[in-house]
Amino acid sequence: MKREEAFAFTKECINGEPATCIAACPFHVDIRAFLKKMAKGRIGSAAQELNKVLPFPVLISELCPLPCQEQCQRKTVLKEEAIDIRLLERTCANSEENRERNAYRLESLPQKAAVVGAGAAGLSCALHLSRKRFPVEVFEKNSTWGGSLRTHERFPDFEKEWEKKFSSADVTFRFDQEIGSLSELEAYDIVFGGYETVFTADRKS
């Protein structure tokens, strides 16, 4: 099948539905829009496509198993090499044109949220809740954030990204503070604990 025939075929087949690569992406990044902007050299606009749906583009571009590439139609239809989306995302996320949009801080909600654990899951949850205007406190038993990612070779890059993302967020970090029971968090309206969090006392009761 020729390239032009393949594109015509998939255009009719998709019929307004998300492309196969977008459907395969756990975050449903609009990969087609991202690639169009990258092709035109619009790095800043392409970065916004990632920032709209990815909490931490630098981190995710490094760790994602890339299910989109397995469904890339260059591979499945044309039998060619799939687009190297990781390389493009890294280029975009690490570019000086990747800037945070100006944040218009609205008044925080009266409900308070607690997040137990400052690993990737806890940090993602804290950022999401803060964007929903909840004041958030993150409790971490260690002296810094990152969890198991602290041993990753690109941890300095991850940490730089977290610092930028949380610089304008209503999130307070409580390091060196271990939570042993849910009863310690009764003052909070929302409580989230990562998969490593174990409330021993509560499980016994």
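Each residue of segment 23-36 was assigned a 3J(HN,Hα) from its phi angle through the Karplus expression (A = 6.51, B = -1.76, C = 1.60, θ = phi - 60°), giving 5, 7, 6, x, 9, 6, 4, 6, 5, 5, 5, 4, 5, 4 Hz with x at Gly and Pro.
Return the FRET efficiency for the residue pair Phe155, Ala8: r is the Cβ-Cβ distance, R0 is 41 Å, and the value is rounded to the nearest 0.05. Intermediate results must be reported in sequence, preceding the final value.
Numbers: r = 46 Å, r/R0 = 1.12.
The computed FRET efficiency comes out at 0.35.
Stretch Ser168-Thr144 to full length: gain in nm at 0.36 nm per residue minus the Cα-Cα span? Don't skip to the answer; put the middle values down first.
Working: separation 24, 0.36 × 24 = 8.64 nm, distance 1.89 nm.
This chain segment gains 6.8 nm when fully extended.
Amide H contacts under 5 Å for Glu80: Lys75, restricted to partners 5 or more places along the chain or on a different chain, H placed in the peptide plane at 1.01 Å from N.
Amide H contacts of Lys132: none lie under 5 Å away among residues 5 or more positions distant or on a separate chain (H built 1.01 Å from N in the peptide plane; Pro and chain starts excluded).
Expressed as a whole number of Å, what is the distance separating the alpha-carbon centroids of segment 115-154 and segment 167-191? Computed from Cα coordinates, the inter-centre distance equals 10 Å. Could you pull out every residue, at least 5 positions away or on a different chain, whose amide H is within less than 5 Å of the one on Gly193? Hs are placed 1.01 Å off N in the peptide plane, and Pro or chain starts have none. For Gly193, the qualifying residues are Val116.
Just the Kirkwood number for the chain, please: inverse of mean 1/r across all distinct Cα pairs, in Å, one decimal. Over the chain, the inverse of the mean reciprocal pair distance is 19.2 Å. Compared with the dominant principal axis of the Cα atoms in the chain, helix 155-166 is inclined by about 80°. Taking the DSSP bridge list for the chain and keeping only pairs wholly inside it, about 0 percent are antiparallel.
Computed from the Cβ-Cβ distance with R0 of 30 Å, the FRET efficiency linking Glu186 to Leu109 stands at 0.95.
Which FRET efficiency value, to the nearest 0.05, do you get for Glu81 and Glu178 by plugging their Cβ-Cβ distance into 1/(1 + (r/R0)^6) with R0 = 41 Å? All intermediate terms of the calculation are to be shown ahead of the outcome.
Values: r = 48 Å, r/R0 = 1.18.
Approximately 0.25, to the nearest 0.05.
Of the GluC sites (Glu not before Pro) found in segment 88-188, those that fall in a DSSP loop while having at most 15 other beta-carbon atoms within 10 Å are Glu96, Glu97, Glu100, Glu107, Glu153, Glu178, Glu186. Compared with the dominant Cα axis of the chain, that is its longest principal axis, helix 3-14 is turned about 50°.
Ranking Ala47, Gly147, Ala114 by Cα position along the charge dipole of the chain, where only Lys, Arg, Asp and Glu carry charges on their C-beta atoms, puts Ala47 farthest toward the positive end.
Every number in this text was worked out from the coordinates using simple rules, so none of it is lab data. These numbers were taken from a predicted model, which means no experiment stands behind them. So basically every Cβ, Gly included, is an ideal-geometry build from the backbone, and we count neighbours across all protein chains shown.
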